[in-house]
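Presented below is the structure to which this report refers.
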Amino acid sequence: MHTLKKNRPLRRIVLAGAATVSGIVLLLSLKPHTTPAVAGVATVPAPSSSSSGPSGSATGTRTLTGDSVQTRYGPVQVRATLKNGKLTDVTAVTYPQENPRDQQINSYAIPQLTREALTAQSADIDTVSGATYTSDGYRQSLQSALDSASH
């Protein structure tokens, strides 16, 4: 009986160790959050299929550049592509990227703002947490581009 009591603590230690190792392996196998920054920011619409300028009807493809909005950390400007009156692409032309912190914030904020704008089909989008100034500038610039489409 004395031998069994000695094995149980050892068995518990082995099981606890195996559970810990399994948990660590599972945590390490999870992929870290990656941002599609390069894909979302580097998208440039083909100028050959777009017509610029406010003249014309709501049909066809039009690319409109919004006003450059000065924020606390630098200017933000977007270009919107409308096809048959529907928002099909939004590209951040100018945004703060002077230092590594700006680059880090905007690498996740710009693609998220673009997705939201395309989903909402307007400039009525939520602010990205941690990127308030960029979000505000993005929203204002997008709204100015959309406003110029209606004139």
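At-a-glance table
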{"quantity": "Computed lengthening from residue 24 to residue 101, 0.36 nm per intervening residue step minus Cα-Cα distance", "calculated": "24.7 nm"}
{"quantity": "Residue 144 - accessible surface, heavy atoms, 1.4 Å probe, Å² rounded to 10", "calculated": "30"}
{"quantity": "Per-residue HN-Hα couplings for the stretch 140-147 [Karplus 6.51, -1.76, 1.60; θ = phi - 60°; Hz; x = Gly/Pro]", "calculated": "5, 5, 4, 4, 5, 5, 5, 5"}
{"quantity": "Residue 15 versus residue 129: modelled label distance in nm, points set 7 Å from Cα along the beta carbon direction", "calculated": "3.8"}
{"quantity": "Sequence of 138, 108, 133 when ordered by accessible area, the most exposed leading, probe 1.4 angstrom", "calculated": "133, 108, 138"}
{"quantity": "Neighbour net charge for residue 143 - beta-carbon separation under 10 angstrom, K R +1, D E -1", "calculated": "-2"}
{"quantity": "FRET E, pair residue 151, residue 94, Förster distance 25 Å, beta-carbon r, rounded to 0.05", "calculated": "0.65"}
{"quantity": "Accessible surface ranking that places the most exposed of 13, 125 first, with a 1.4 angstrom probe", "calculated": "13, 125"}
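The values are calculated or read from the model by the stated rules, or taken from the named source; none is laboratory data. This one's a predicted model, so the numbers in the text were calculated from it and none came from an experiment. All Cβ positions, glycine included, derive from the backbone under ideal geometry; neighbour counts span all protein chains shown. Areas reflect the complete protein model, heavy atoms only, side chains present, ligands, DNA and RNA absent. Shrake-Rupley method; radii C 1.70, N 1.55, O 1.52, S 1.80 Å.
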